[in-house]
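Trainee: Pasting a structure below so you can have a look.
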Amino acid sequence: MVNYILRRLVGLIPVLFGITVITFFLIHLSPGKPTRLQAEMSPKITLEAREKLDRLYGLDKPVHVQYLQWIKRLAVFDFGKSFTDERPVLIKIGERIPITITIELLSLFLIFLIAVPIGIMSAVKENSLFDKSSTVFVFIGFATPTFWLALLAMSLFGVQLGWLPISGIKSFDFEELNFFQKIADVSRHLILPVFVSAFGGLAGISRYMRTSMLEVMHKDFIRTARAKGLSEKEVIYKHALKNALLPIVTIIGLSVPGLIGGSVIFESIYAIPGMGKLFFDSVMARDYPVIMGILFVGAILTLLGNLLADVMYACVDPRIRVGEKR
């Protein structure tokens, strides 16, 4: 297993390098330089002063030279400084990333907790009222845009009913609360973002789980298990479920990029000071070091999510490790 993980880790290096090359050049192809945006905020700035800013930030050099300089700094874990406030990028990301990871982990847990039982029940009770109802729910989940759902939830639960806060991660009087009240306050602020983040994945995973269970339920070993006189509960949960979970493990690993990308939308709508909100603000300000830092960290999290899915897949099905050796 150790050799398997090491081979996967080595294979991630060229993928990560390719991601940095593509994202760096795409960012610099977008219209509008950071110095031009700063000049628009200060109309009195002269052309000479703008050129000095370009030289200060290294923007006067060709793009490939800027990329090589960025790679050299990255090799010593120097992500550079933000163009907007001169703060180190690594510190800015470090302040925001715990909130985003907390929301994404809670979303993944919620997806797994609800979607898998729904998928199993839909497969066991195929073509029943529950199966048809869950199918309708799945298509609604697929068709609902995240930003629209976030605005609807904000309007209903926050504005009209007044049950949940609609912005931020804590209340204004947070410092005056005791320990348990602080936990309750943060939890109330997280309900809507976690729900919005999980809703799309909930629909997709439940549908994949249903399909996988139906495929396994028609296998010969399931018929053999029933012929041996095992109860339906043992057949489903002891024999069918373990095999049906294999594709789900892969899909959950591959869903990590979508969850990270979706955080840009709901964090901006709910004004959550996470990595998604920082990315949105940085793009609007053309803050290249922060954008590249966030994309690099997001790429690492995505690749680690895929690696985790591969490792879990190999743990569940040892034939994969044997196949790699051949």
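Trainee: Is at least one residue of region 243-250 crowded, with 21+ Cβ neighbours inside 10 Å and modelled with pLDDT of 85 or more?
Mentor: no
Trainee: Tell me yes or no: at least one residue of region 58-76 is open to solvent by less than 60 Å² (accessible area, probe 1.4 Å), in contact with a strand residue (DSSP E or B) (Cβ under 9 Å, 6 or more places away or on another chain), at pLDDT below 85 and at positive phi. Before the answer, list the steps.
Mentor: Keep residues of region 58-76 that are open to solvent by less than 60 Å² (accessible area, probe 1.4 Å), which gives 58-59, 63, 65-67, 70-71, 74.
Next, only the ones that are in contact with a strand residue (DSSP E or B) (Cβ under 9 Å, 6 or more places away or on another chain) stay: none.
No, every residue in region 58-76 fails to be open to solvent by less than 60 Å² (accessible area, probe 1.4 Å), in contact with a strand residue (DSSP E or B) (Cβ under 9 Å, 6 or more places away or on another chain), at pLDDT below 85 and at positive phi.
Trainee: If you don't mind, another one. Filter region 17-33 for residues that are buried (at least 16 other Cβ atoms within 10 Å of the Cβ) and over 15 Å from residue 66 (Cα atoms) and give the result.
Mentor: Once the filter is applied, which keeps residues that are buried (at least 16 other Cβ atoms within 10 Å of the Cβ) and over 15 Å from residue 66 (Cα atoms), region 17-33 yields only 19.
Trainee: Would a scan of region 164-176 turn up a residue that is within 26 Å of the chain's Cα centre (by Cα) and exposed (fewer than 13 other Cβ atoms within 10 Å of the Cβ)?
Mentor: Yes: region 164-176 contains one or more residues that are within 26 Å of the chain's Cα centre (by Cα) and exposed (fewer than 13 other Cβ atoms within 10 Å of the Cβ).
Trainee: Within region 209-221, is even one residue within 27 Å of residue 95 (Cβ to Cβ) and either touching a helix residue (DSSP H, G or I) at 6+ places or on another chain (Cβ under 8 Å) or in a helix (DSSP H, G or I) (or both)?
Mentor: As a first pass, look at region 209-221 and keep what is within 27 Å of residue 95 (Cβ to Cβ): none.
No: region 209-221 contains no residue that is within 27 Å of residue 95 (Cβ to Cβ) and either touching a helix residue (DSSP H, G or I) at 6+ places or on another chain (Cβ under 8 Å) or in a helix (DSSP H, G or I) (or both).
Trainee: From the list 186, 159, exactly one residue is more than 20 Å from residue 274 (Cα to Cα), assigned to a helix (DSSP H, G or I) and out of contact with any Asp or Glu (no Cβ under 6 Å at 6 or more places or on another chain). Which is it? Steps first, please.
Mentor: Values: 186 fails: more than 20 Å from residue 274 (Cα to Cα).
So the residue among 186, 159 that is more than 20 Å from residue 274 (Cα to Cα), assigned to a helix (DSSP H, G or I) and out of contact with any Asp or Glu (no Cβ under 6 Å at 6 or more places or on another chain) is 159.
The values are calculated or read from the model by the stated rules, or taken from the named source; none is laboratory data. Keep in mind that what you see is a predicted model, and the values were worked out from it rather than measured. Every residue, glycine among them, receives a Cβ derived from its backbone with ideal geometry; neighbour counts consider all protein chains shown. Protein only, heavy atoms only, side chains kept; ligands, DNA and RNA dropped before computing areas. Shrake-Rupley method; radii C 1.70, N 1.55, O 1.52, S 1.80 Å.
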